[in-house]
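The values are calculated or read from the model by the stated rules, or taken from the named source; none is laboratory data. Owing to the predicted nature of the structure, the values given are computational and were not obtained by experimental measurement. Methodologically, a virtual Cβ is constructed for each residue, glycine included, from the backbone with ideal geometry; neighbour enumeration extends over all protein chains shown.
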Amino acid sequence: MRILFAADGSKFTKKALAFLTTHESLAGPDGEVIVVNVQPTMPPRVRSMVGAAAVTSYYEEEAAKVIEPIRRFLERKGIAARCEWKSGEVSAQIIASANRSRAHMIVMGTHGYGAIGRAVMGSVASRVLAEAEIPVLLVR
């Protein structure tokens, strides 16, 4: 099974990663995990002030802070992983990455905001769950 693992570096990502690695049947011996980190797009004003190269470098550095510990952890567990980062609207990029990679499932942690929190802040997990065409496993 090919699993897209959406990682934001939060404690909820760590919980989802722990769940994924303790349930080896999810990925299976021939499975693959695609770790994706999405960096929210910077405002155009910032991009024009510091330049596109500086913004891209910033995205790469921030994504590496999230992805590299996960990559090393999965490697120690003997789980094949491919890692990538994207920038843009988070839920849309997660779904697009899942579609591009032909993932069978999306696994992600959820912050578990209540109805009021979702109304005020929105919920990446809720949008992914509503819009993905493949199963989504949310770990809280």
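Quick look at the numbers
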| quantity | calculated |
| --- | --- |
| Test: Ala96 is within 23 Å of Val136 (Cα to Cα) and either at pLDDT 90 or above or part of a helix (DSSP H, G or I) (or both) | yes |
| Considering residues of the range 25-71 that are surrounded by fewer than 17 Cβ atoms within 10 Å (Cβ to Cβ) and hydrophobic (A, V, I, L, M, F, W, C) only, the residue nearest to Cys83 (Cα to Cα) | Ala64 |
| Helices (runs of 4 or more DSSP H) enclosed by the range 1-83 - at least 3 residues per element that are out of contact with any strand residue (DSSP E or B) (no Cβ under 9 Å at 6 or more places or on another chain) and modelled with pLDDT under 95 | 44-50, 52-76 |
| Output for the range 104-140, where each listed residue is outside any helix (DSSP H, G or I), at pLDDT below 90 and either within 14 Å of the chain's Cα centre (by Cα) or within 20 Å of Ile3 (Cα to Cα) (or both) | Thr110, His111, Ser123, Arg140 |
